[in-house]
Amino acid sequence: EDIAVWLVLAVASAFSKGDSAIQGLYTLLLTLGFVLIMFLIVSPLLSLMHRYFLRHNDEYNIYLIVTCLLVLVSASLATE
């Protein structure tokens, strides 16, 4: 339910900037691209990295934590 509300808010925000409908569609396509990249590329890579450190009995490795923080900062920069 909350996700649906956030999606409606994102659509309304994309079309409410006063620009043309093409600009709103462009924003929605960029959002879809970002979500696909995060789910199809970034998430499996982080999961692979986590499994690697789990096999070496180092679940909370500093490289994993720093990588997660860098992904977080990069994602926030990309969505800005």
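On the beta carbon distance between L72 and L7, with R0 = 30 Å, the FRET formula returns roughly 0.90. Remark: the range 37-53, residue by residue, has Karplus-estimated 3J(HN,Hα) of 4, 5, 7, 8, 10, 5, 4, x, 5, 5, 5, 4, 5, 5, 4, 4, 6 Hz, where x stands for each Gly or Pro and the curve is 6.51 cos²θ - 1.76 cosθ + 1.60 at θ = phi - 60°. By definition, a body whose alpha carbon gyration tensor gives a ≥ b ≥ c is prolate when a/c is 1.5 or more and a/b is larger than b/c, and the chain fits this prolate description. Each Lys and Arg contributes +1 and each Asp and Glu -1, all at the Cβ; summed about the Cα centre of the chain, the dipole is approximately 200 debye.
Rounded to a whole number, what % of the accessible area of the chain do carbon and sulfur atoms account for, probe 1.4 Å? Reported share for carbon and sulfur atoms: 72 percent.
For the range 23-80, what is the accessible area per residue in Å² when the probe is 1.4 Å? Could the numbers behind the result be given before it?
Details: 4720 Å² over 58 residues.
Value for the range 23-80: 81 Å² per residue.
Once the Cα atoms are used to define both axes, helix 62-79 deviates from the longest principal axis of the chain by about 10 degrees.
The values are calculated or read from the model by the stated rules, or taken from the named source; none is laboratory data. Given the structure is predicted, the values throughout are model-derived calculations rather than measurements. We place every Cβ from the backbone using ideal geometry, glycine too, and count neighbours over all the protein chains shown. In case anyone asks, the SASA skips ligands and DNA or RNA and just uses the protein heavy atoms, side chains included. Shrake-Rupley method; radii C 1.70, N 1.55, O 1.52, S 1.80 Å.
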